[in-house]
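None of the figures in this text is laboratory data; all of them are computed from the coordinates on show. Predicted model only: the values in this text are computed from it and were never measured. Note that each Cβ is placed from the backbone with ideal geometry, even for glycine, and that neighbours are counted across all protein chains shown.
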Amino acid sequence: MNAPLKEREQALMGIGESRLRKEDARFIQGKGNYVDDVKMPGMLHMDIVRSPLAHARIKRINKEAALAMPGVHAVLTADDLKPLKLHWMPTLAGDVQAVLADEKVVFQMQEVAIVIADDRYIAADAVEAVEVEYEELPVVINPFDALKPDAPVIREDLAGKTEGAHGARTHHNHIFTWEAGDKSSADAAFANAPVTVKQDMFYPRVHPCPLETCGCVASFDPVRGELTTYITSQAPHVVRTVVSMLSGIPESKVRIISPDIGGGFGNKVGVYPGYVCAIVASIVLGRPVKWVEDRIENLSSTAFARDYHMSGELAATPDGKITGLRVEVVADHGAFDACADPTKFPAGMFHIVSGSYDIPAAHCSVKGVYTNKAPGGVAYRCSFRVTEAVYLIERMVDVLAQKLGIDKAEIRARNFIRKDQFPYTSAFGFEYDSGDYHTALQKVLDAVDYKALRAEQAAKRADPNSPTLMGIGLVTFTEVVGAGPSKMCDILGVGMFDSCEIRVHPTGSAIARMGTITQGQGHQTTYAQIIATELGIPSEVIQVEEGDTSTAPYGLGTYGSRSTPVAGAAIALAARKIHAKARKIAAHLLEVAEGDLEWEVDRFKVRGDDSRFKTMKDISWAAYNQPPEGLEPGLEAVHYYDPPNFTYPFGIYLCVVDIDKATGETKIRRFYALDDCGTRINPMIIDGQIHGGLTEGFAVAMGQLLSFDEQGNIQGNSLMDYFVPTAVETPKWETDYTVTPSPHHPLGAKGVAESPHVGSIPTFTSAIVDALSHLGVTHVDMPHTAYRTWKELKRLGVAQ
Amino acid sequence: MIPPSFDYHAPSTVAEAVGLLAQLGDDAKILAGGHSLLPMMKLRFAEPAALIDLNRIDALRGVSEEGGLIRIGAMTTENQLIASDLLKAKVPLLPEAARQIADPQVRNRGTIGGDIAHGDPANDHPAIAMALEATLVLTGPNGERQVPATEFFLGTYFTAMEADEILTAILIQPFAPKTGYAYTKLKRKTGDWATAAAAVVMTMDGERVASVRIGLTNVAPTAMRASDAEQFLVGKSLDAVTLDEVARLVRAVAEPAADLRGDEEYKTAMAGEMTKRALRQAAERCR
């Protein structure tokens, strides 16, 4: 490659370049524009009266004192929403959810009434003035208790409803039982197995806790009949459709805008009662209404994640070859089934639970249950229950290794799907696109000198005076992301495609509008890089816009690592449409046949003649003033991409911990993360995503927990208790990669942001258990706080 | 997270502040750094009708040496303690301990006086002040009076300070040469209160303990001294048997309240463990 060519390529800052994030200048200077920054003329403020009790009948609500306060415009309850038929709303999971509590409350902090006032302070005072009289009902917090015959009835509105959105309901607190795989072949594998292991584990309730909480500013224009809503949403187009369906306002008159979003991590996928109430209030009062929840409200009432009680079993040969997998899950969904999953999958992609392993027979069943807890069950930086699935299988492989006395790296290598088996169809029916697990594992083991670590651990165990216990965690995970093929995946009937519209301007700059919405992922940076490489336009002059449903093409939004796998493909294919037209224009300008042209970085040139060329800039100008005869002017394209399959990123994570025998504190001595996300668009952003995901995974594994007491009072729902690590707590991360492109993605890219969360969490548990394994421990539930670890050490007689 | 309305007063002298306090009575609260009071107001756990903000009283800030004592103005912030060369030289326990309090933003506002006067056993300065045998200067309508820190903490949020008094200064004896010290704090994360913490001030005579004072944070309704352990230690060398006995004596007096940081058993054990660690570190510094 001659020098000028390389220079031209670098000038584009396209795929593979560590281009600095375009978003950061405004964020680090405080020039972002978040929902709470939106101020509109005449805007009113909303606050919510919430239930102090987890289960109670509402005897009486007295609004008089609140309504009498100066500056209070309205106090609304379920009875006020009834005439509009908006006191209940459908959930993404096929259930219904009370917008405002209708006759009873079913979880603590549930929305009971709203207050609309001139300012935020008056609204808060008026909330205190609303008197609600409750009659307490028995509370059920544990899903196993909820399934007992005489358990309290949580959902009286479902009385007599024996058929739910996902099949038969067998108990008044039962939501669904969902199965995947083949039970008879799995049972057969176990019947004949020389070795079996079984392990129960609980993946506790946690919360994505984005830095920005949820909120909206709803503005209904009674003259035009138009509704504009600024909202913290990861899926603004879906919100528009839902709002139109609920309100009866034509979708063309509903405009949803997701401005800058301060993190989502799944918490901002759903439609919350607060949004609906603010919209209703704006329609009723004819003025803009702002609602922004505080941190305690965010942690207590908007969607949580996990809360899976899992039981896994493996069947194997004596040399550790896995022959069968069975999994049973009791899933605590809270009081309404408001999980955010593709409609047909009430447990999301949990059936990726066979992991990176060639397991011939497998079956899983997930039973969804109502309890007196907040609704949710979102994918917290993961693709729909993949985190739970990866946790289960990775723990089980460790348990099997321990039982057989085989090293945990060795047993994985014996069971990996081999490189030559791809595309590989799992026992659950997933078609894994590509992978090379053995190469990646060896790279990690070599990088950390695994043998030396094991020798050091043996020496430490032999020394009774060692103040610490050393553990080595290993996880070799596969994710399934990029939902998804519309033949399988939809949200409320809308296929899970995504979209891109690119317009190239006469002077050669361009704008791309997307159906996704960045919440920190850096779309404005990376999407432009894809276009730069595809079209030879410098990324610096490519604008990327998302989040305004009036300008962006319809898309399903950003979650489940779907932006690059789905929208990234839409960009590439939209760009290729433009590229094809550009070729026609270039041929016309150069007076040659299209077949005589070759593409070179930023230009078409006549094959073999460097002196005869037209750059993309030349072509852009010509597209608007001298297109070839018969070709319409302009240079733009739209593409809606319906992926043929999911993508399957994978990774090998290794962690070394030292546990303080006296305090139970765990020091993460080393964490080595190798990720394979296929083609790497911006290595710096990938590294940043991995650092962020590992840090969140660290938070989940080591500290995050939303627990409840017997009365259903939520515990730890403020940042005093809820663990969000700072730079002080965060370990040093070492990152590495291999590149195994996806064969079906136009760019070969697989998506990356969630892998580090999904993969790291079981790695920490693996390390903790490894430190205790010589004492007979096979599993310890999260979070691995110093306190909980000390309790385990105490039980084992290690701590005093 | 929105407080009810309140009146706000910003006096510029101690006399003015004391006068306001007398005038407004129980409806008023003193505002120092605000990192305990304001969160309680936002949660509406505290709803004072008026705040008397001491932040504009310059006379309450700073560290000085007067009459052989170190005098710390009650409104001196944690970051000012950390930065004080005088403290680094004369009472190095304070800057070391202040680094372990909350996070840099909080330390930029939070004050030593507010931390002590709040009477919260989870705060760090009460146990440290007890280990330092500090003297607290209280100013009221009848002038100043002095109370030893060891007699100041009467119960959770309950101190020897009268309703019409303001804590204005903390007086501390400078360390003698070769005084060992340490503050060991177990916490879940940056910004958290201690699960348990121990402050130690110690001198040694050769390998044996000559004098020792141990203050304990967040393991009882108030900050406390571990007097039995102190007495036991005098004349002993810090071998493993001695340290185990110290830990046992500390555990015997700890009465922590269970919360999400741990149950009574864990916090009690950690009180002993933090004390052992503080003693070991302090002994190193006696050399």
Task: Per-selection Kirkwood Rh - region B:60-172 (Cα, Å, 1 d.p.) - done: 13.9 Å
Task: region B:180-286 - charge dipole about Cα centre, Lys and Arg +1 at Cβ, Asp and Glu -1, debye rounded to 20 - done: 380 debye
Task: Label-point gap, in nm, between A:A458 and A:L796 - each point 7 angstrom along Cα→Cβ - done: 1.9 nm
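Which entries in the list A:K22/A:K584; B:K88/B:K236; A:K82/A:K104; B:K90/B:K267; A:K183/A:K403 go over 23 Å, if you measure between the two C-alpha atoms of each?
Violating the 23 Å limit, Cα to Cα: A:K22/A:K584; B:K88/B:K236; B:K90/B:K267; A:K183/A:K403.
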Task: Zone residues, region B:141-179, relative to B:S64, backbone N less than 16 Å from point 7 Å out along Cα-to-Cβ - done: B:168-172
- [ ] Work out from phi, with θ = phi - 60° and the Karplus expression 6.51 cos²θ - 1.76 cosθ + 1.60, the ³J(HN,Hα) of each residue of region A:374-381, listed in order in whole Hz, and give x for Gly and Pro.
- [x] 4, x, x, x, 8, 7, 7, 6
Task: Inter-label distance, nm, simple model (7 Å from Cα along the C-beta direction), A:D446/B:R56 - done: 6.9 nm
Open item on the list: I'd like the per residue volume of the convex hull spanned by the Cα atoms of region A:483-589, given in cubic angstrom.
Closed with: 107 Å³
Open item on the list: What number does region B:81-135 give for Rg over Rh if you use C-alpha atoms and the Kirkwood radius?
Closed with: 0.94
- [ ] Please give the contour-minus-distance gain from B:S12 to B:L260: 0.36 nm per residue of separation, less the Cα-Cα distance, rounded to one decimal in nm.
- [x] 85.2 nm
Open item on the list: Output wanted: per-residue J couplings in Hz (rounded whole) for region A:439-452, from phi through Karplus 6.51 cos²θ - 1.76 cosθ + 1.60, θ = phi - 60°, x for Gly and Pro.
Closed with: 4, 5, 4, 4, 4, 5, 4, 5, 5, 9, 6, 4, 4, 5
- [ ] For region A:394-476, compute Rh as the Kirkwood radius over C-alpha pairs and then the Stokes-Einstein diffusion coefficient at 37 °C and 0.692 mPa s; write the answer in µm²/s, rounded to an integer.
- [x] 221 µm²/s
Task: Ascending count of other beta-carbon atoms within 10 Å, so fewest first, for A:K487, A:K373, A:K104 - done: A:K487, A:K104, A:K373
Task: Under Karplus coefficients 6.51, -1.76 and 1.60, residue-wise ³J(HN,Hα) of region A:489-501 in Hz, glycine/proline x - done: 10, 8, 10, 6, x, 8, x, 8, 6, 8, 9, 8, 10
Open item on the list: In region B:7-52, if the dipole is taken from +1 on Lys/Arg beta carbons and -1 on Asp/Glu beta carbons about the Cα centre, which of B:L24, B:F45, B:V14 is farthest to the positive end?
Closed with: B:F45
- [ ] Beyond 18 Å, what share of the Cα-Cα pairs of region B:7-52 is found? Please give it as a whole percent.
- [x] 25 percent
- [ ] Could you give the spread of the C-alpha atoms of chain B along their three principal axes, from largest to smallest, in whole angstroms?
- [x] 58, 44, 32
TODO: Please work out the Cα center distance from region A:234-283 to region A:743-800, rounded to the nearest Å.
DONE: 37 Å
- [ ] Taking H placed 1.01 Å from N in the peptide plane, check which residues at least 5 places from A:F176 or on another chain put their amide H under 5 Å from its amide H.
- [x] A:G368
Open item on the list: Using the Kirkwood radius over C-alpha pairs as Rh, can you work out the diffusion coefficient of region A:697-800 via Stokes-Einstein at 4 °C, viscosity 1.567 mPa s, in µm² per second?
Closed with: 78 µm²/s
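Just want to confirm a number: the relative contact order over region B:138-287, from Cα pairs under 8 angstrom separated by 6+ residues, in percent.
Working: 274 pairs, mean separation 36.1, N = 150.
24 percent.
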Task: Longest site-free stretch - chain B; sites: GluC sites (Glu not before Pro), DSSP loop, at most 14 other Cβ within 10 Å - done: B:1-161
TODO: Would you pull out the residues with amide H under 5 Å of A:S356's amide H, same chain only if 5 or more places away, H placed 1.01 Å from N?
DONE: A:T478
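Hey, what D do you get for chain A in µm²/s if you plug the Kirkwood alpha-carbon radius into Stokes-Einstein at 20 °C and 1.002 mPa s?
Working: Rh = 27.9 Å.
For the chosen part, D equals 77 µm²/s.
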Open item on the list: Please give me, ordered by residue number, the trypsin sites (Lys or Arg not before Pro) of region A:607-682 that lie in loop per DSSP and have at most 13 other Cβ atoms within 10 Å.
Closed with: A:R607
Open item on the list: Over 10 Å intervals from 0, what percent of Cα-Cα pairs in region A:506-645 sits in each interval?
Closed with: 12, 40, 30, 15, 3
- [ ] Please identify which residues in region A:501-537 have an amide N closer than 19 Å to a label point set 7 Å out from the Cα of A:A11, following the Cα→Cβ vector.
- [x] A:505-510, A:529-537
TODO: Give me A:M310, A:M684 ranked fewest to most by other Cβ atoms within 10 Å of their Cβ, as a rough exposure proxy.
DONE: A:M684, A:M310
Task: Relative contact order (%) - region B:7-52, alpha-carbon pairs under 8 angstrom, separation at least six - done: 56 percent
Task: Centroid-to-centroid separation of region A:632-699 and region B:149-174 [C-alpha atoms, Å] - done: 52 Å
Open item on the list: Taking 8 Å as the Cα distance limit and 6 or more residues as the minimum spacing, I'd like the relative contact order of region B:60-172 as a percentage.
Closed with: 27 percent
Task: Gyration tensor over alpha-carbon atoms, region B:180-286, equivalent ellipsoid semi-axes in Å - done: 24, 14, 11
Open item on the list: About the Cα centre, and with charges only on the beta carbon of Lys, Arg (+1) and Asp, Glu (-1), how big is the dipole of the protein assembly as shown? Nearest 20 debye, please.
Closed with: 1680 debye
TODO: Using the number of other C-beta atoms within 10 angstrom as an exposure proxy, rank A:E734, A:E629 with the fewest first.
DONE: A:E629, A:E734
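Of all the Cα-Cα pairs you can form in region A:32-177, what percent are over 24 Å apart? Before the final figure, lay out each step's value.
Numbers: 4577 of 10585 pairs.
Looking at region A:32-177, the distances longer than 24 Å represent 43 percent of pairs.
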Task: Interchain or long-range residues, amide H under 5 Å from A:Q110's placed H - done: A:S51
